[in-house]
Amino acid sequence: MQRIPIKLAKAEMVLAKDAVTPEGQVLCGAGTKLSEELIARLKKQGVLVLSVKGHPVKEPGEKSLSERLKALDERFSKVKKDPVLRALEHLIGEYWIIEEKGEDFLEKLKASK
Amino acid sequence: MDKAELKKRLNDIQSLPTLPPIVSKLNEMVADEDITAVKLGKVIEKDQVLTSKLLKMVNSSFFGFPQRISTVSNAIVLLGFNVIKTLIVTSSIFEVMQASDVGLFEHSLGCATACGIIAKMRQIKNPEEVSTAGLIHDLGKIVLRSELPEEYEAIVREAQEEGLYMRQVEKKRLGVGHGEIGGMLARQWNLPERLVFPIEFHHKPELAPEYKEIAAIVHFSDILIRAVGFGYGGDPWVPGLDHVAWERIKLSKSQMREVIAELDEKLIELQDFTLEIKVEG
Ligand SMILES: [Fe+2]
Ligand SMILES: [Fe+2]
């Protein structure tokens with residue numbers, strides 16, 4: 001999930017959370033696929049930020065997935081021998097890969113190993 | 001510095017800006033059995049600044065109530081007096097921390113968030129209390145930083161240079177770790193043992209005389225929040241896991257996935273909250 005200012009919203013993005021006005025009024029629900037018309041309407045009604053699925057917008061200064069995975073591995077460097085924590089590291093890495101590249105990508109990655 | 005001297009220095013902290021006068025009044029009121037949340041709420045609401053801070057905290061995403069809590073008495077009913085009292089007692093500490101150490105502040109908020117998610121998953125009766133324990137688990141570090149700044153800096157430096165955990169260096173230089181220091185203070189401030197023990201034993205949860213489950217949740221949440229890399233706790237490494245504590249609260253792989261996903265979403269929302277604080281000061 002990513003929180004983005006509405007001006008970065010594009011058609012085809014999917015809402016991860018309800019679209020709400022700053023006053024808390026719900027305009028459309030999680031799971032809705034955005035279209036140009038819908039984005040225009042949400043803007044008009046005062047929506048400022050949207051939560052969308054995955055990670056479609058690259059933010060300035062944002063670390064790439066491989067950089068993040070490397071940093072993850074470094075943080076775990078003192079507990080490499082612990083099987084529970086190794087599993088935890090694995091699950092976090094998988095979650096990040098799925099969030100950014102999708103479930104299929106992870107499957108292919110696993111198959112290629 | 002030896003333990004006795006350290007204890008004395010910490011004792012003096014009691015008189016520092018950390019304890020708003022309203023706390024002793026509230027303690028008296030709570031001792032009275034006929035007291036109601038509405039009456040308590042009214043006393044707190046006389047202090048507008050405190051009230052707005054308190055409502056901001058209780059509405060933040062780490063407690064995760066779906067509807068907005070708009071009055072203090074409502075907050076007391078929903079979160080329990082222990083939580084509200086702890087938030088009041090620690091509000092000025094957090095203010096100091098927001099300004100001086102954003103990394104530790106985020107680490108604390110993140111740990112609170114993880115605690116809440118796991119406590120709810122384990123169907124603990126008052127999950128907000130566990131979140132609150134997570135929020136203040138590194139109280140000892142905060143206090144070291146503000147009260148013994150040179151010592152704190154030396155500890156951070158040595159931890160970095162030698163590649164050690166903070167608490168290893170604390171033990172070496174002060175004779176106690178930040179867990180014990182936080183526990184001492186929490187006890188001085190009359191926080192309930194359900195909060196004192198998890199703070200004191202968050203790195204050794206099985207040594208807690210009671211509330212081992214809460215201590216274990218805080219212990220694991222601290223690990224989890226460092227693992228995902230949110231905030232900064234003084235050194236960059238994921239702390240070791242106590243396996244007896246883990247057996248107590250063990251999550252299956254699919255539960256773990258659920259926790260990771262929910263934590264990620266909540267942390268994104270939390271950034272709105274910390275941003276709001278930064279903007280409003
Ligand atoms: Fe700690
Ligand atoms: Fe911590």
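The values are calculated or read from the model by the stated rules, or taken from the named source; none is laboratory data. The structure presented is a predicted model; accordingly, all values stated were derived computationally and were not measured. Positions of Cβ are generated from backbone atoms using ideal geometry, with glycine treated the same way; all protein chains shown enter the neighbour counts. Surface areas here come from the heavy atoms of the whole protein model, side chains and all, with no ligands, DNA or RNA. Shrake-Rupley method; radii C 1.70, N 1.55, O 1.52, S 1.80 Å.
How many residues, within the range B:146-165, are within 14 Å of chain A (Cβ to nearest Cβ) and either without any contact (Cβ under 8 Å) to a residue 60 or more places away in the chain or away from ligand 1 (no atom under 16 Å from the Cβ) (or both)?
Keep residues of the range B:146-165 that are within 14 Å of chain A (Cβ to nearest Cβ), which gives B:159-160, B:162-165.
Narrowing the set further to residues that are either without any contact (Cβ under 8 Å) to a residue 60 or more places away in the chain or away from ligand 1 (no atom under 16 Å from the Cβ) (or both) leaves B:160, B:162-163.
Residues that pass the stated criteria total 3.
Among the residues of the range B:72-122, just one is among the polar types (S, T, N, Q), in contact with a Phe, Trp or Tyr (Cβ under 7 Å, 6 or more places away or on another chain) and closer than 19 Å to B:Leu50 by Cα, namely B:Gln98. Of the residues examined, B:Val38 is one that is outside any loop (DSSP other than H, G, I, E, B), away from ligand 1 (no atom under 16 Å from the Cβ), out of contact with any Asp or Glu (no Cβ under 9 Å at 6 or more places or on another chain) and of a type in the set (Val, Ile, Thr).
Residues that are open to solvent by 30 Å² or more (accessible area, probe 1.4 Å), among the hydrophobic types (A, V, I, L, M, F, W, C) and touching a helix residue (DSSP H, G or I) at 6+ places or on another chain (Cβ under 7 Å) were ranked within the range B:94-123; the one that is nearest to ligand 2 (Cβ to nearest atom) is B:Val96. Taking the range B:89-145 as the range and being under 17 Å from B:Arg187 (Cβ atoms) and either away from ligand 1 (no atom under 13 Å from the Cβ) or not in a helix (DSSP H, G or I) (or both) as the test, the residues that pass are B:Val89, B:Thr90, B:Ile93, B:Glu129, B:Thr132, B:Ile136, B:His137, B:Asp138. Test B:Arg226 against the criterion of being in contact with a helix residue (DSSP H, G or I) (Cβ under 6 Å, 6 or more places away or on another chain), of a type outside the set (Val, Ile, Thr) and at pLDDT 90 or above, and give yes or no. So B:Arg226 does not fit the description; no.
Taken over the range B:56-75, the criterion of being within 20 Å of B:Cys115 (Cα to Cα) and crowded, with 18+ Cβ neighbours inside 10 Å is satisfied by B:Met57, B:Val58, B:Ser60, B:Ser61, B:Phe62, B:Phe63, B:Ala75. Out of curiosity, is B:Ile44 open to solvent by less than 80 Å² (accessible area, probe 1.4 Å), over 30 Å from B:Leu263 (Cβ atoms) and part of a helix (DSSP H, G or I)? Against the criterion (open to solvent by less than 80 Å² (accessible area, probe 1.4 Å), over 30 Å from B:Leu263 (Cβ atoms) and part of a helix (DSSP H, G or I)), B:Ile44 qualifies. Where helices (runs of 4 or more DSSP H) sit wholly within the range B:176-281, those with at least 1 residues that are open to solvent by less than 40 Å² (accessible area, probe 1.4 Å), at the interface with chain A (Cβ under 10 Å from one of its Cβ atoms) and farther than 20 Å from A:Ala71 by Cβ occupy B:212-228, B:243-249, B:253-280.
Suppose the filter is within 13 Å of ligand 2 (Cβ to nearest atom) and either touching a strand residue (DSSP E or B) at 6+ places or on another chain (Cβ under 8 Å) or closer than 20 Å to A:Lys81 by Cα (or both); does B:Ala245 pass it? No. Among the residues of the range B:226-265, those that are of a type in the set (Ser, Thr, Tyr) and more than 16 Å from ligand 1 (Cβ to nearest atom) comprise B:Ser252, B:Ser254.
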